[in-house]
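Report on the structure given below.
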Amino acid sequence: MRIALLSLLLGLWAGAALGEALLPLASPAPSPSDVLNFLLGMGLPPEFTAALSAALAAGFQTGRATTTVTLLLLQDLTKIPKEQGEGILEVLRYALSQGFIVDTGLAGSSMMNEVRKLLALGRSGEEISRVLSLRLGFLLATRAVLARYGLVPGTTAGPDAPLAPTDRLILELAWAVGDFILWEGGSPADPGILGYVQGRLCRLAALGLIPSELSERATAALTPEILAEIARLAFQPERR
Amino acid sequence: MRWDEVDELLRAALAKEVEEGTRGLAGLEERVIRELARRPARRSFWEGLKEFLRRPTPRWALAGALAALLLGFALGRLTAPSPIPQWSPNLFVIAAPGAKSVAVVGDFSAWQPIPLSDPDGDGIWTASIPLPPGRYEYAFLVDGKWVGQDPLAEEYLRTFGEYVSVRYIGGGRADRSS
């Protein structure tokens, strides 16, 4: 009887300890060094690896990239031809060096999630590289045009600068214009682009992803002409 | 009774006891040797454990301990502080009668499949996924085939000819929490 009682108590205690120890659902995010070590093992040219490592490390530090999505992406890129993977990573490195957000984690638009989506759709590395270059073009054009209208700072912040609310505005606005042109079949001259972009910004502001004040200022200032200019500049890098 | 008579009685009683004790000691040495020879050699741990488990009381104790372990585990899971913020769950549902496997992929999983389940076998597959506020693109994979148009989505995008559904989670009319 004493043994039975002791076993019961011991079992209850051990079970409770085990139950508390198990974390529900989430696995811990990889550390920056996990990601950078994986990158080192990918066999890319050493100078390129060094430049990308520095850009990613700064991105993890400032919130322009997350370790979880980056590691998944790097793992994916080992399954496609090396030169195609390198092309994709070069676009990401350049975007980071320009101070753009390339990964918002598991919520919302980002270049890294775009790559993962296109890989899930079975698109080739070349197609993905083209789409990513266009996305980068929309980011550069959006920042250049918004800066011209005084909506965002004109200077390039760089990868080490702390994130500013305008960084997310640039990302979301560029993404909306890009979606309209790339996936909705719209043209830069289509006046429908204004409602599409304004609607997107309002929704994101309502969710708290962009500061309301910033979103209101941008939506009030936007015109079909400004958006058409962004769309045209995205395809004409020499005019930015 | 006189004291000398008492002495005599005591002496007689003691003598009787000594005589009986001496009879009990006869052959003691042989008996001890026999008993030591009868005992088996030292058992291994596993043999000992097997014998222990064969006894009726420990078997009950073990069953009770196992039950207590499970109960404790459940209590532990309930009381454990969650490292994940308590976002409201969002229901992803698709009718796919006859499908062998259904999953959802999207921004929220970095496009890794999250399996849906159909426990009652009625062809309605569901998954409840807690998500922070955001705009999410997603699609279903039914037996590995891309199904991008979810009737519950708020928008659709066409990417390389394939549809992708979009939901806004976390506020206004867009919040489709289960």
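The values are calculated or read from the model by the stated rules, or taken from the named source; none is laboratory data. No experiment lies behind these values; they were computed from the predicted model shown. When we count neighbours, we look across all protein chains shown, and the Cβ atoms used for this are built from the backbone with ideal geometry, even at glycine.
Residue A:194 is checked against (1) surrounded by fewer than 23 Cβ atoms within 10 Å (Cβ to Cβ); (2) within 20 Å of residue A:62 (Cβ to Cβ); (3) among the aliphatic types (A, V, I, L, M) and fails just one. What number does that condition carry? Status for residue A:194: all satisfied but (2).
Scan the helices (runs of 4 or more DSSP H) fully inside the stretch B:1-104 and keep the ones with 2 or more residues being at pLDDT below 75 and aromatic (Phe, Trp, Tyr). Talk me through it step by step, then tell me what you get.
Working: elements: B:3-25, B:28-38, B:45-54, B:56-79.
Result: B:45-54, B:56-79.
Taking the listed residues A:172, A:213, A:229, the one that is buried (at least 23 other Cβ atoms within 10 Å of the Cβ), over 26 Å from residue A:84 (Cα atoms) and charged (D, E, K, R) is A:172, with no other qualifying. Scanning the stretch A:73-91 for residues that are out of contact with any Phe, Trp or Tyr (no Cβ under 6 Å at 6 or more places or on another chain) and under 26 Å from residue A:161 (Cβ atoms) returns A:73, A:88, A:89, A:90, A:91. If I filter the stretch A:109-130 for residues that are surrounded by 17 or more Cβ atoms within 10 Å (Cβ to Cβ), over 18 Å from residue B:108 (Cα atoms) and among the charged types (D, E, K, R), do I get at least one hit? So far as the stretch A:109-130 goes, yes, one or more of its residues are surrounded by 17 or more Cβ atoms within 10 Å (Cβ to Cβ), over 18 Å from residue B:108 (Cα atoms) and among the charged types (D, E, K, R). Tell me whether the stretch A:48-67 contains one or more residues that are without any contact (Cβ under 8 Å) to a residue 12 or more places away in the chain and of a type outside the set (A, V, I, L, M, F, W, C). Yes, the stretch A:48-67 contains a residue that is without any contact (Cβ under 8 Å) to a residue 12 or more places away in the chain and of a type outside the set (A, V, I, L, M, F, W, C). Residue A:136 meets each of the listed conditions (1) closer than 27 Å to residue A:46 by Cβ; (2) among the aliphatic types (A, V, I, L, M); (3) within 14 Å of chain B (Cβ to nearest Cβ); (4) in a helix (DSSP H, G or I) apart from (3).
Every condition in (1) touching a Leu at 6+ places or on another chain (Cβ under 7 Å); (2) in a helix (DSSP H, G or I) holds for residue A:102 except the one numbered (2).
Kindly indicate the residue of the stretch B:108-129 that is within 14 Å of chain A (Cβ to nearest Cβ) and of a type in the set (A, V, I, L, M) and also surrounded by the fewest Cβ atoms within 10 Å (Cβ to Cβ) among those meeting that condition.
To start, the set of residues in the stretch B:108-129 that are within 14 Å of chain A (Cβ to nearest Cβ) comprises B:108-115, B:127-129.
Remaining after also requiring of a type in the set (A, V, I, L, M): B:110, B:114, B:127, B:129.
Details: B:110: 25, B:114: 15, B:127: 18, B:129: 20.
Of everything passing the filter in the stretch B:108-129, B:114 is surrounded by the fewest Cβ atoms within 10 Å (Cβ to Cβ).
For the stretch A:186-213, a tally of residues being over 22 Å from the mean Cα position of the chain (by Cα) and β-branched (Val, Ile, Thr) returns 1.
Criterion applied to A:123, A:130 was being closer than 28 Å to residue B:163 by Cα, free of Cβ contacts under 8 Å to residues at least 24 places away in the same chain and in a loop (DSSP other than H, G, I, E, B), and the one residue passing it is A:123.
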